[in-house]
1. Need one number: nm distance between label points at D278 and R231, each 7 Å from Cα along Cα→Cβ, rounded to one decimal.
2. So for the range 320-384, averaging the separation of alpha carbon pairs under 8 Å that are six or more residues apart and normalising by length, what relative contact order in percent results?
3. Given the options H81, H32, H169, which has the most mean-square fluctuation in a GNM of the chain, springs set between C-alpha atoms less than 10 angstrom apart?
4. First select every other residue whose beta carbon is under 10 angstrom from the beta carbon of A84; then total the charges, Lys and Arg +1, Asp and Glu -1.
5. Going 7 Å from the Cα of H67 toward and past its Cβ, which residues in the range 6-29 have a backbone nitrogen under 15 Å from where you end up?
6. Starting at the first residue of the range 198-208, write each ³J(HN,Hα) from the Karplus equation 6.51 cos²θ - 1.76 cosθ + 1.60 with θ = phi - 60°, in whole Hz, x for Gly and Pro.
7. Charges at C-beta only: +1 for Lys and Arg, -1 for Asp and Glu. How large is the resulting dipole of the chain about its Cα centre, in Debye rounded to 20?
8. Just need the relative contact order of the range 129-234 here, percent rounded to a whole number, with Cα pairs under 8 Å and 6+ apart.
Amino acid sequence: MTRLEHRLRVLQQYVRDEAPALRAAAQELDGHPDGSTLYPQVPLLDRLATLQIPRRYAQDPLVIEGHEYFLTSAVERVVFHEEASAHGDAALLLSAPGSLTAGMLVAALGDDAQQRMFFDRVRARPTWTFLAMTEPQGGSDAANLRTTLTPCDDGFRLNGTKRFIGNAHRAPLGVVTARTGPGPLGIRCAIVDTSHPTCSAGPLATLGMRGALGTLDFRDVPVPEAHLLGRHLSPTRRGMWGWLHAFNPLRCVAAAMGVGIARAAHSYARQHLPQRHDALRRRLDTLGARIRGVQSLTRHAATAVDADPANAHLPAAAKTAAAGLAVEATSTALRLLGPAARLEHPLLDKWARDAFGIECMEGTSHVQAMTVFSALARTDTALR
Ligand SMILES: Cc1cc2nc3c(=O)[nH]c(=O)nc-3n(C[C@H](O)[C@H](O)[C@H](O)COP(=O)(O)OP(=O)(O)OC[C@H]3O[C@@H](n4cnc5c(N)ncnc54)[C@H](O)[C@@H]3O)c2cc1C
């Protein structure tokens, strides 16, 4: 699916027209990343805030030329996030209100009452949410988390610390992964309201994707039993192996952002390179071909995930390729524009820093490589 069908091209054009308004706000956020409530009045972000809600709970889809978009399929999300990163800014998208990551888990694991509670709140007004998995001792080994949910008379008490969490310092609610018992089946997800006084949050200083990440500390935070996701599911479907599936579409979105950053850097360099530099322009042509290849892989992965949400290897391959591409494209653009490029082209410098963030989002390339390798090993065994 290299060429998009008409309906998706209409969405792509809408985002392309609206996204340039993100750039000034993105540079403002990069310069003042601690502005914990900074929320630029950009129509595209306002619109995004109440999309990505399952049809059953959404009331206000995006309508363009008679086409309706809920932004709940991986393909629609990929088109939106790639275009908004290519013509706008990926870091600002990550810092925006809405329910991209937490909503995916609530949709995958929540029963009707839980989904209604969560999505009604997100739909009512632009609301930041978070998905808190990563802990200070490491994020790759998700099975080794230390945050606990301990049963008590009126539900559970949440204790632990989370780091590198998107919008942790802005969001009034989100989803937290925590241990209720031993083994992978004992890792559960809960909807957590951060208004309790023993829950504290703060911004995290980073080099790239500045302003997007924060930290969360929970000390005996009460969590009602009704907020524990997956209570209507079997232990295998609500435990770790159940919620890991929700990450497959998210990896496609991270890949789309990587492709978008690469496209932004590529077109920026093309615009700013002197016309006479044929050799340098040929290097940009080669980079352009690579971008189209990874874009095609990412769209293919999104289509595969929409057909089979358990497909993990294509999103993992796309995410790995896009993370490398974003770094390659931004560093190539900086090199081509000369030794002072980081100073003379602050937007490009920002994208070059942001590009490294794609590597860690939704799992590093080492972790993705293990997923791809497992799929290859399974295919190899099946063919023997
Ligand atoms: C922009 C951005 C947004 C993020 N948003 C969120 C969010 O919203 N919620 C959230 O919970 N987290 C979020 N994260 C955190 C992210 O998920 C983690 O950074 C990631 O999982 C890696 O964890 P870590 O940084 O602790 O590295 P570690 O897990 O400590 O890994 C360090 C290094 O060791 C390698 N490694 C680890 N295990 C293995 C292994 N078994 N084999 C080979 N190599 C290995 C890794 O590849 C990495 O290079 C975000 C990160 C970024 C950069």
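1. Modelled inter-label distance: 7.2 nm.
2. Averaging sequence separation for qualifying contacts and normalising by length gives 38 percent for the range 320-384.
3. Sorting by GNM fluctuation, first place goes to H32.
4. Combined, the nearby Lys, Arg, Asp and Glu give -3.
5. Residues passing the 15 Å test: 6-18.
6. 8, 10, 10, 9, x, x, 10, 6, 9, 7, x
7. Here the chain has a charge dipole of around 780 debye.
8. Reported as a whole number, the value is 30 percent.
The values are calculated or read from the model by the stated rules, or taken from the named source; none is laboratory data. Note that the coordinates shown come from a computational prediction; the quantities given were computed from them, not determined experimentally. Note that we place each Cβ from the backbone using ideal geometry, even for glycine, and neighbour counts take in every protein chain shown. With ligands, DNA and RNA removed, areas are computed over all heavy atoms of the protein, side chains included. Shrake-Rupley method; radii C 1.70, N 1.55, O 1.52, S 1.80 Å.
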